1. Give the number of residues within the stretch A:227-266 that are among the β-branched types (Val, Ile, Thr), out of contact with any Ser or Thr (no Cβ under 9 Å at 6 or more places or on another chain) and over 18 Å from B:SER414 (Cβ atoms).
2. With the condition kept exactly as written, say whether any residue in the stretch A:458-465 is within 41 Å of the chain's Cα centre (by Cα), in a loop (DSSP other than H, G, I, E, B) and modelled with pLDDT under 80.
3. Those residues that are farther than 30 Å from B:ARG445 by Cα, of a type outside the set (Lys, Arg) and in contact with a helix residue (DSSP H, G or I) (Cβ under 7 Å, 6 or more places away or on another chain), I need them from the stretch B:106-143; list them, please.
4. Suppose we keep only residues that are part of a helix (DSSP H, G or I) and without any contact (Cβ under 8 Å) to a residue 40 or more places away in the chain within the stretch A:215-242. Which one would you say is surrounded by the most Cβ atoms within 10 Å (Cβ to Cβ)?
5. When you check A:VAL397 against the structure, is it assigned to a helix (DSSP H, G or I), over 30 Å from A:PRO272 (Cα atoms), among the β-branched types (Val, Ile, Thr) and more than 14 Å from every other protein chain (Cβ to nearest Cβ), yes or no?
6. May I ask you to list the residues in the stretch A:495-511 that are surrounded by fewer than 19 Cβ atoms within 10 Å (Cβ to Cβ) and either facing chain B (nearest Cβ under 10 Å) or at pLDDT 55 or above (or both)?
7. Among residues belonging to the stretch B:321-338 that are crowded, with 19+ Cβ neighbours inside 10 Å and out of contact with any Gly (no Cβ under 9 Å at 6 or more places or on another chain), point out the one that is nearest to B:ALA452 (Cα to Cα).
8. Only one of (1) touching a Ser or Thr at 6+ places or on another chain (Cβ under 6 Å); (2) within 12 Å of another protein chain (Cβ to nearest Cβ); (3) in contact (Cβ under 8 Å) with a residue 24 or more places away in the chain is not met by B:ALA408, so which one is it?
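The values are calculated or read from the model by the stated rules, or taken from the named source; none is laboratory data. Note that the structure is predicted; figures quoted are calculated from it, not measured. Note: ideal-geometry Cβ built from the backbone for every residue, glycine included; neighbour counts use all protein chains shown.
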Amino acid sequence: MTDFAPLGGLPEPDLVGMLRRGTLWGMGAARFMAYTLVDRLRGRRSDDQKGRRLREMFEWVGGTAVKVGQQLAARSDMLPHPVCEQLARLTDDVPPMSIEEAMRQIEEGLGRPVAEVFEEIDPKPIGAASVACVYRGRLLGGKDVAIKVRRPGIAMLFSLDLTAFNMMTRFMEWSTVARDGTFAHLRDDLKIMFGEEMDFRLESRYQRLFRKAARRAGLRWVSVPKVYADLCSRTVLVSELVTAISARSLLEAVESGDPRAMDRFTEQNIDPALVAHRVMLFSLWVRFEAPFFHADPHPGNVFVQPGSRILLLDFGACGMTSRRTRLYHSEVLRMAIDGDSDMVSRIMLADLSPLPQLDMDRLRRFMAEGFEGVIEAMDDKDAPWPDRMISGLWIKVMEIAREYNIRINLDTVRSIRAYLLYDTLVFRLDNHMSDKPLQDFLRDRSVRQRKVMVRRNAHLDSEDLRAMERARREEAMARVEYLLTKATIGADSLLLSFRLALGNLARAARVVARVLRLVSVVAVLLLALRLAGLDLVPWVRVVLHSTPTLLVLGLLILIGLRKGLYALERVQVGD
Amino acid sequence: MAPPASNDEHGEEGLFRTLEKRPPLKEPKVHRAPTVRPPPPPSPPLWMVVTASLRWGLMIFRFMLWYQPRRLLGRVTTQQFAVALRKALERMGATGPRVGKQLAMRIDLMPLEVSLQLAAMRDPKPPMSFEVAMGRLREAAEKPLEEVYEAIDPDPILSNTVECVYQGYLKSGERVAIRIRRDGIRARILADIRALSMFTRINELMGLVRPGFFDQLRAELVDLAHEELDFSLQARQQTLFRKRARRDDLSWLSAPDIHRKLCSDSVMVSEWASGVRLSEILDALEQKNEDFMLRLVELDIQPERVARRLLQASWWGLLENLFFVAQPNAEEIVVRPGNKLVFLGFHDCGTMPTNQKRLYRQILERLGEDDASGASQAIVQLFSPLPFIDVFDFGKRIESGLWYELFALKDSQSAWWERTTIGLWRRVLSCCRHDGVTPRLEVLRMMRSTLAFDTMAARLKPDVKLLREFDRYRMASDRRAARRYAEDLDKTSLEDLESRWIARTARITEGMMRLGLWVEATVENLPVSNLALSGKASYAAAQVLRSGVAIFAIFLFVFVARATVFFAQDQPVPPIVHIRAILTNPLFGLAVIILLSLTLRRILFRLDDKGDD
């Protein structure tokens, strides 16, 4: 029987582990609260301090909690910027797992002995993180490969920590520390993200598809290592081993201006300005054309190869941008270049929708003002580079979203983070980046679009095309006619308009109020007469005790009730 | 018109005389009233319903006895559950497998494993008596069998609880397949359905499930008795399918021809479809049967092409034909030399409304263009009318699932089932479950049909590229549409074309005029924004509260004043005395009543406002 289980997903948490991790998380949270209380008493109430305490909490709980914290660092739509900065400092430096364990994992993933596939595997890992370790090896054919091995039991640990985190946030919502539903989407997002990261088959799929897409788009200077799909499994990812220089060391060399290092780069034909140009071009392609993007392109995941080629690694987390969002974003850029901050804010709002109930007018004005500043800074050649980044627009959006409590979905958050990382890399490499990459990108894009059209119609001859065009026109006409018929029918039925009517509830209330008014008028009369010295109460008592009066009264009450009921039962437009 | 009276022999000359009459017909022929299709089923006798209830009750009891303890101990996998359920239903015969197949359609309610198991239901039974069968055949042919048939094999090639299938030759030498329904099976199935609906109703009554939970199933079961047991309906669909495929030049797709004159509603005589059954090809492929594969090569059958054609046939049925096969079965598809497909089973067909066709096409087109959000919007439309849910959220959830499935469809290394719509529909349906959206039955049928076709195609050709195949289909269907249009143009004379255009222009003009009227009428009352007023109910409540506060304030003031006065006069009095005195004071009462009636008036004014509630 075929296993129809979808890729990704975390194992069900076991009870004992849940208790263990849950206690740890609870203690961590208590510790955090105690420290913040102390801070508050000592008058240290800055966001920075709060972020520091939060970071300490995640470090204290340890394990995959650090990963949770790192993911929170990207949520600048929910947390203040200083807190995010503090959380971003969380590092998951974990000692590598033993080689025996790694071998066991590899064999389990491959389903056969290591010796049947690999000629050799270097026991010293070339990378170690909390989720996986990377080893270098050689295939039987003699090809050098990088083997990414998932740590055993890590998926369960993630599952436990996630459950603990969920329980904690649920408790916060329940005890009204936070508003109900504040963390609901964060919980869903984290579950998706960790599930994705745990399954290396997904990573290998993204890597393959990304490689294909980049090649198809003609970005010859971008490379993504080839994946050996038949050797990949849920826990093992085998890909081609490539040698490259980390963008981090290039950045260090550029920023320190070390002439020796620069000479070495020149020898390898690496030009920082060209690299910056290419990263920019690539990031534009990712933003406006590619259906999905590398969600974590920090300098540790971006590499440079001789000839100023760019190499991307680690496709564990990828985000998707819908066609609509891509369109909106390119429109935003066009409007920003035109300097139309009002249009920018309108498009951004459309992208953010659905919005909660807010004062839209004020929000739009506020946004337009914010964008105005960003756009001006982008235009200013002398402004410091962080102000000149295109992603400044989106960072502004995040700020506004946090202030107005607008929810941003995971993919948007991820894409904004990715933009920011690309832009930072570009400007750090080349402080004087102009808009040349943008012009180049626009030109390349139209070439690509033309190519797609040509390819799509390549196997049709002109006769076919003409016949199809005719048929399409005919269908369009038929559809217009159909729509028109429908519209006229609708118009006919809508020509009648309705009298404004009272709502049923109000009508019923009105009946009751009228009866009450009658009673009060009678009471006023009685009281006034009594004040005038004429006590009518005994009379009234006599009258009230007579059967005919009671009968009339009963009848009146009955009629009143019926009227109220009719009012309630009346069929109402829109009921 | 009677001819004018001529010479009359009977009457005399004069005003009153006998005129010529047309002689009346000797025996007016009595026509039977045309039968309504499908004919209303006869009601089963009571004893059958009672026995059926007992049988079903016993079966459910036995199944629960097997299942519940294992479930409580957590010792039963979905697979085991599915197999046990299938076996239990198979034991019931006739209705059981059919109910199972209907349940298999509900992929929104059960895991896919269960659905696949239930769809693979079988119900063999020893054949019926040959004499009875031939009796039925004679009745249908309305003449002695010797005049029609050259030979009939008394040994049936297939025999299940509902029907037996024989093979034979007509006088013309044509080989035919003869399906004969068993006697009394219809009454039995109807009795079973009665019993089942009773059980489901009891379930609803006892509150085990929410009322109306089984409504759809009950309706479906009754339909099933109508459709599946009525051969004339199937015959009609089969003929239509054949005709339409030929009209659209699908030379590789067909259904056996039917000899309508020899059929009745319990007998169906159709052309013999010779070739290889698709199920045999699938088995051979999966068991790597070399001999069989060689035979296929001899017959000029390539599994890859068969796979592609299956997909094309599936989309053709869904998007172009009048109806589609809702639960295609590899047993009921025959592959002829040259990869020609012949569909045999038309007992379970579905139809697609036009907008659903457009939406389905839209979904696949959008996916082909890497636009998961567009596809998710089309899917949300597919489920309308929706209950009151957060539609945006629902769409987003579907979208994020679609991205995965899109990549799985595009990845050249994914498993065979990831290249089918299995993953896609499963994601979508899990979103539906999450939000409490119940898909309509037509939609489920569509999903089930595509899923079954895709699965067969992917099993035949594990590296099938669904979206690329759809692109191919789209081209072919565009071409077909273009050709139909061109043919139509060729056939129509210029005058006709002109008048068609004039008529259309007139219609459009009139439509525009009427629309214009409507627009004018609408624009008449320009939308005016209103000042925000508080709602009527809250206004009333606020007023009541306010007057309460005022009354209390007056009371307090008088109380304090009185107490001070008494205190100043050195006459300390317990407060209760003050309170009683104030409350019974007519002046205070008057003030209260005036205040109250003023409030009432104010509330009434606001309540009388028209418009907002």
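1. Kept after step one, since they are among the β-branched types (Val, Ile, Thr), are these residues of the stretch A:227-266: A:227, A:235-236, A:238, A:242-243, A:245, A:254, A:266.
When the remaining residues are screened for being out of contact with any Ser or Thr (no Cβ under 9 Å at 6 or more places or on another chain), the result is A:235-236, A:243, A:245, A:254, A:266.
Within this subset, residues satisfying the condition of being over 18 Å from B:SER414 (Cβ atoms) are A:243, A:245, A:254, A:266.
Counting residues in the stretch A:227-266 that are among the β-branched types (Val, Ile, Thr), out of contact with any Ser or Thr (no Cβ under 9 Å at 6 or more places or on another chain) and over 18 Å from B:SER414 (Cβ atoms) gives 4.
2. As a first pass, look at the stretch A:458-465 and keep what is within 41 Å of the chain's Cα centre (by Cα): A:458-459.
Still in the running and in a loop (DSSP other than H, G, I, E, B): A:458-459.
Still in the running and modelled with pLDDT under 80: A:458-459.
Yes - at least one qualifying residue is present in the stretch A:458-465.
3. Narrowing the stretch B:106-143 to residues farther than 30 Å from B:ARG445 by Cα: B:126-143.
From the residues that got through so far, the ones that are of a type outside the set (Lys, Arg) too are B:126-135, B:137, B:139-142.
Correct list: B:MET134, B:LEU137, B:ALA140, B:ALA141.
4. We begin by selecting, within the stretch A:215-242, every residue part of a helix (DSSP H, G or I); these are A:215-216, A:229-231.
Subsequent filtering for residues that are without any contact (Cβ under 8 Å) to a residue 40 or more places away in the chain retains A:215-216, A:229-230.
Working: A:ARG215: 13, A:ARG216: 11, A:ALA229: 18, A:ASP230: 10.
Here the answer is A:ALA229.
5. On the way: assigned to a helix (DSSP H, G or I): yes; over 30 Å from A:PRO272 (Cα atoms): yes; among the β-branched types (Val, Ile, Thr): yes; more than 14 Å from every other protein chain (Cβ to nearest Cβ): yes.
In short, yes.
6. In the first step, residues of the stretch A:495-511 are kept if they are surrounded by fewer than 19 Cβ atoms within 10 Å (Cβ to Cβ); the result is A:495-501, A:504-505.
Correct list: A:LEU495, A:LEU496, A:SER497, A:ARG499, A:LEU500, A:ALA501, A:ASN504, A:LEU505.
7. B:ALA330
8. Tallying (1) touching a Ser or Thr at 6+ places or on another chain (Cβ under 6 Å); (2) within 12 Å of another protein chain (Cβ to nearest Cβ); (3) in contact (Cβ under 8 Å) with a residue 24 or more places away in the chain, B:ALA408 fails exactly one: (3).
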